[in-house]
Amino acid sequence: MSEVAERWGSRRAFIMAMTGAAVGLGNIWRFPYMTGENGGSAFLMLYVIFVLLLGLPVMMAEILVGRAGRRTPMQALSHLALENGHSRHWRLIGLMGAATVFFILSFYSVVSGWSFEYMFDALGGNFTGMSPAEIGGSFNTFLADPFKVIFNHTLFMLLTMSVVAAGIGSGLEKLNNLLMPLLYLLLFVLVGYGATTSGFTTALAWLFTPNPAAIDITVVLNAMGHAFFTLAIGACALMAYGAYMPDRQSLPTAVIAVACLDILVALLSGIAIFSIVFSQGMDPASGPGLMFVTLPIALADLPGGNIWLGGFFLLLAMATWTSSINLAEPMVAMLQSAGLKRGVAALLIGVGVWLMGLPSALSFSSLADWTPLEGKTFFDLVTSIPTDIFLPLGGVLIAIFATWIMDRQRAFDALGASTTLCRGWLWVTRWISIPLVIIVLISSLWHQG
Ligand code: TRP
């Protein structure tokens, strides 16, 4: 139960690790399709508000607990609680986080597997000469093929868990630091391409013209859940990374940098994808296939388009790789503190998550008609409930812990910022972020029931 001695090599390394966790499918795949299903600008506006009012304060709270405790999440929580005369049961937040990421990683791996398939397809020139309708059709054909979908899911789990087994600092970060700027560059290129299409102005208007009339409790709940998902908070995954944060570094500065980049990547992806959607007359609310259908339509017939498209899916797979390594961390940390070796923990989790991913993988083929709740498939449920309910719930408990349970000076020290900033954080977290999450969660439960 002693403190960890390792630190990320530098401040920059810590920011890179957080960015690796934050930027992933959430920004490039989930953000556009959720925006499409939730009325465009209404969702975008709420998402930005939630990132600012909830995301930033809760992200600081989560990381500072890890940094102050310098232990795995459950140990850090119980240590800091006991230290201030509270029950060690606060560590159950860590257990809930581990359960939440278990479900999230299970579909995350399946969808990352789709990117693998698309990378190979693009590089093989499979999309060349296809009409938009054929490209749309080929996505559905692929999803209906359980063998291919499960094969790619397996491949992705193997890649993720082998890095997890090796532990942080295995060199993947370095590769990623090198490659991620290329992904951002490519997104700029895609936006540039979008600007040449007929749908560009419609896309901008649809994304940025305020449309409060489209807001209802579902849109609010979805936007809140997405803010947590995209910032990688609410499940103690960043808490685990916080334990290794260098001693002299301002947490608010680091968090703000990561959140800005995270929003930027989502916006670029949204603008590029919706330009294509509107120039092709597609439905913005076409669901999880949105990115996989629009990008090949745009790129396949351009000169060198296959290479661009293949490169895009390769970089996307890299981005999701570092996110899924972060998703696995709360589970590994938990099993490690229960006394298991890292390799064994990684193996057990890998097998468990792989199995849990199977019903998602089959939700578009043999299990397409299995709709356990309100006509939703297993995939629909596993992509919404853990994110929309359990991440905010975990986040609010972490925020309560950091602002009401932990020793105040200890929290401020771990924030590593000026007293004014620390006081500001404390006030916003206590009186804005915490009540806001509770109100949204309760009103949506009320609405469901
Ligand atoms: N933020 C990542 C994305 O946008 C997903 C993710 C990584 C995550 N780590 C997490 C979500 C921890 C919740 C909790 O793709």
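The values are calculated or read from the model by the stated rules, or taken from the named source; none is laboratory data. Fair warning: this is a prediction, and the values are worked out from it, not measured in the lab. Don't worry about glycine lacking a Cβ; one is built from the backbone with ideal geometry, like all the others, and counts go over all protein chains shown. Keep in mind that these areas ignore ligands, DNA and RNA; they rest on the heavy atoms of the full protein, side chains included. Shrake-Rupley method; radii C 1.70, N 1.55, O 1.52, S 1.80 Å.
Taken over region 303-320, the residue count meeting the criterion of being in contact (Cβ under 8 Å) with a residue 60 or more places away in the chain and either among the charged types (D, E, K, R) or open to solvent by 40 Å² or more (accessible area, probe 1.4 Å) (or both) is 3. One residue stands out in region 333-374 among those that are among the polar types (S, T, N, Q) and farther than 18 Å from residue 149 by Cβ: the one that is surrounded by the fewest Cβ atoms within 10 Å (Cβ to Cβ), namely 371. Here residue 48 clears all of (1) buried (at least 20 other Cβ atoms within 10 Å of the Cβ); (2) modelled with pLDDT of 95 or more; (3) within 16 Å of the ligand (Cβ to nearest atom) except the condition numbered (1). Scanning region 418-449 for residues that are of a type in the set (Ser, Thr, Tyr) and touching a residue at least 12 places away in the same chain (Cβ under 8 Å) gives 429, 433, 443, 444.
In region 385-435, how many are more than 16 Å from the ligand (Cβ to nearest atom), among the polar types (S, T, N, Q) and open to solvent by less than 20 Å² (accessible area, probe 1.4 Å)? Full working, then the answer.
Of region 385-435, the ones more than 16 Å from the ligand (Cβ to nearest atom) are 400-435.
This time we only want the ones that are among the polar types (S, T, N, Q), so: 403, 409, 418-420, 429, 433.
From what is left, the residues that are open to solvent by less than 20 Å² (accessible area, probe 1.4 Å) are 403, 429, 433.
Result for region 385-435: 3.
In the condition set (1) away from the ligand (no atom under 13 Å from the Cβ); (2) open to solvent by less than 40 Å² (accessible area, probe 1.4 Å); (3) under 17 Å from the mean Cα position of the chain (by Cα), residue 380 is compliant with all but (2). For region 186-239, a residue qualifies if it is in a helix (DSSP H, G or I), more than 10 Å from the ligand (Cβ to nearest atom), within 30 Å of residue 433 (Cβ to Cβ) and hydroxyl-bearing (Ser, Thr, Tyr), and exactly one does: 218. In region 53-68, is there at least one residue being more than 21 Å from the chain's Cα centre (by Cα) and open to solvent by less than 50 Å² (accessible area, probe 1.4 Å)? Yes, region 53-68 has at least one match.
Yes/no per residue for (1) open to solvent by 50 Å² or more (accessible area, probe 1.4 Å); (2) closer than 17 Å to residue 313 by Cβ; (3) among the hydrophobic types (A, V, I, L, M, F, W, C):
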{"site": "127", "(1), (2), (3)": "no, yes, yes"}
{"site": "141", "(1), (2), (3)": "yes, no, no"}
{"site": "148", "(1), (2), (3)": "yes, yes, no"}
{"site": "163", "(1), (2), (3)": "no, no, yes"}
{"site": "173", "(1), (2), (3)": "yes, no, no"}
{"site": "186", "(1), (2), (3)": "no, yes, yes"}
{"site": "189", "(1), (2), (3)": "yes, yes, yes"}
{"site": "192", "(1), (2), (3)": "no, no, no"}
{"site": "203", "(1), (2), (3)": "no, no, yes"}
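When we screen 433, 360, 384 for residues that are in contact with a Pro (Cβ under 6 Å, 6 or more places away or on another chain) and assigned to a helix (DSSP H, G or I), the only hit is 433.
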